[in-house]
Amino acid sequence: MSARNPAGGATYNFNSPVGAFQVGAGAVATVIQTVQSADREALMKALDLLRDTILREDKIVTFDKAEVLELIEDGKVEVQKPKPNGTKLTSLMNTVSNAIQTVGTLQSAYQMLKPALLPFGIMLP
């Protein structure tokens, strides 16, 4: 967020982590995202919970369970790679979240998945 100070300069307040902040023509920043093993474990745990919850549900009619379970497994494989493909992981997790977010019985698993994806740069609604 930016606000003008009385002297005419700019004051910048950041209320969350910022990977880079650039000001002025020609400003360049290089940001390297590092995913810790604890982040991978948290995401794996969230994906396992989601998989188990979907398997227990008998009456899901809004999506094909087998297809979403396959996407979850693909996501787990991607997360375990030394350098996960961020575009692929984002695509997989957005598709999974779109399928499950309206199913009331999956809300606890969805709510666990959201923060687990943040270290990977994936923000769910």
To the nearest 0.05, what FRET efficiency results for residue 85 and residue 52 with a Förster distance of 30 Å applied to their C-beta separation?
-> 0.75
Pairs from 76/114; 45/76; 59/114; 83/114 whose Cα-Cα separation, in the structure shown, is over 18 Å | 59/114; 83/114
Residues in the stretch 88-125, backbone N under 15 Å from the label point at residue 59 (7 Å along the Cα-to-beta-carbon vector): list them, ranges by number please.
-> 103-106
Kindly provide the Kirkwood hydrodynamic radius of the stretch 37-120 in Å, to one decimal, from all pairs of distinct alpha carbon atoms.
-> 12.7 Å
Applying 1/(1 + (r/R0)^6) with R0 = 30 Å to the Cβ-Cβ distance of residue 101 and residue 77, what FRET efficiency is obtained, to the nearest 0.05?
-> 0.85
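Coordinate-derived values only; no laboratory data. Keep in mind that what you see is a predicted model, and the values were worked out from it rather than measured. Here Cβ is always computed from backbone atoms with ideal geometry, including for glycine, and neighbour counts include all displayed protein chains.
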